[in-house]
1. For Cα pairs less than 8 Å apart in space and 6+ apart in sequence, what is the mean separation divided by the residue count of the chain, i.e. the relative contact order in percent?
2. For the chain, what mean projected area does the convex hull of the alpha carbons give, in nm²?
3. Hey, with R₀ at 35 Å, roughly what FRET efficiency would R55 and S203 work out to, going by the Cβ-Cβ distance, to 0.05?
4. Measuring from a point 7 Å past the Cα of Q121 along Cα-to-C-beta, which residues in the range 31-51 have an amide N at less than 17 Å?
5. Which of rounded, prolate, oblate describes the range 34-109, given a ≥ b ≥ c as roots of the alpha-carbon gyration tensor eigenvalues and a/c under 1.5 marking rounded, otherwise prolate only if a/b is larger than b/c?
6. Could you report the accessible area of L200 in Å², rounded to 10, computed with a 1.4 Å probe on the protein chains as they sit in the structure?
7. How much length is gained on full extension from A194 to E77, taking 0.36 nm per residue of separation minus their Cα-Cα distance?
8. Work out the charge dipole of the chain with +1 on the Cβ of Lys and Arg and -1 on the Cβ of Asp and Glu about the Cα centre, then indicate which of F151, P140, T119 is farthest towards its positive end.
Amino acid sequence: EHRVVGHGENQKAVLGSRNRWVAKDGTVVAEDERRMVFHAPTAQARQLDFEITVRPVGGTLVLGDTKEGTFAIRLAETMRLKRADKSKGGTILNSRGQKDGDTWGKRAEWCDYSGPVATPQGTGTYGVTIFDHPNNPRHPTWWHVRDYGLFAANPFGIHDFEKKPPGSGNLAIEAGKTLTFRYRVILHRGDAAANPLSTLYRSYAAEKGDR
């Protein structure tokens, strides 16, 4: 699926796909449907809505406990909190007011990573915010966000984040059922303080995720 909907400032681009999860032996263990909606809500920001619905095939599907992932991006090296040249880099902030290294492994409704980026017009501050939808499993999610630019929402890594026994973060989807994850990504000019992230999150949280 790929289409453009709306007109003018309300125009949105939609990408959709259906995918199979295939084990090493060729067995299909799950299928998913993904939908991405791209939008420019303001001149200062670009927005991506991501939704994935997972359906087991042939039996219960267990999503395993790991801190690696889950909905993740890597940022430009100049935005990193810890840069190789030791110059000033980026800043991490979450919805609970925790900053930089204190955000790792913590639960929050959203997390922002902002820092300097060189453009043809000169170096400026830009940022990325990820919103965890309230309907997601284990909301508010934990954040696997590192000083070297890894930025991930992760509802599975409870063993590492909470120092609980291995497997504590396992999440089972029974045969015949589905599980949906929704995230919103905001690409913005300026740092977190220059953008009304809490207001934008409340608006997103009020959305039911209907298509």
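The values are calculated or read from the model by the stated rules, or taken from the named source; none is laboratory data. Just so we're clear, the structure is a prediction, and the values are computed from it rather than from any experiment. Neighbour counts are summed over all protein chains in view; Cβ atoms, including those assigned to glycine, are modelled from backbone coordinates with ideal geometry. Surface areas here come from the heavy atoms of the whole protein model, side chains and all, with no ligands, DNA or RNA. Shrake-Rupley method; radii C 1.70, N 1.55, O 1.52, S 1.80 Å.
1. 23
2. Orientation-averaged projected area of the Cα hull: 13.9 nm².
3. It comes out at approximately 0.75.
4. Counting only backbone N, you get 40-47.
5. Oblate, because a/c is 1.5 or more while a/b does not exceed b/c.
6. L200 exposes around 70 Å² with every protein chain in place.
7. 40.0 nm
8. T119
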